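What follows is a short report on a single structure.
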Amino acid sequence: MCRNIRVLYNFEPPTTDGEIESAALQYVRKVSGMTKPSQANQAAFDRAVAEVTAVTASLLEALVTSAVPKDREVEREKARERGLKRVERQSA
């Protein structure tokens, strides 16, 4: 899975529409192999992003959990620490 796609479920504050669309864009870029589609492919690319965005939003709305929502800042710091450890391992 692409590292740029982040978990969007069960956060406080809730995931925004912009975050869902960004994840959808990253997903479509990954599976299509295109960062910027040609004019011939632009409509299909944009349609795919819109459809993945809608399905993702629907999924997030339908999910239920009894777990306490995660704090975005705490999770961001954990990810930063994992990244630093990964870099340390690679340079060792």
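The values are calculated or read from the model by the stated rules, or taken from the named source; none is laboratory data. Since this is a predicted model, take the numbers as computed values, not measurements. Because the Cβ atoms are built from the backbone with ideal geometry, glycine has one as well, and the counts that use them run over all protein chains shown.
Can you pull out every residue in region 43-65 that is of a type outside the set (A, V, I, L, M, F, W, C), assigned to a helix (DSSP H, G or I) and either exposed (fewer than 13 other Cβ atoms within 10 Å of the Cβ) or touching a residue at least 40 places away in the same chain (Cβ under 8 Å) (or both)?
To start, the set of residues in region 43-65 that are of a type outside the set (A, V, I, L, M, F, W, C) comprises 46-47, 51, 53, 56, 58, 61, 65.
From the residues that got through so far, the ones that are assigned to a helix (DSSP H, G or I) too are 46-47, 51, 53, 56, 58, 61.
Result: R47, E51, T56, S58, E61.
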Select, from V68, V87, the only residue that is over 17 Å from the mean Cα position of the chain (by Cα), without any contact (Cβ under 8 Å) to a residue 60 or more places away in the chain and either on the phi > 0 side of the Ramachandran plot or not in a helix (DSSP H, G or I) (or both). V68
Taking region 22-42 and keeping residues over 21 Å from L8 (Cβ atoms) and surrounded by 11 or more Cβ atoms within 10 Å (Cβ to Cβ) leaves M34, P37, N41, Q42
Of these, A23, A48, A54, A40, which one is modelled with pLDDT under 95 and at negative phi? A23
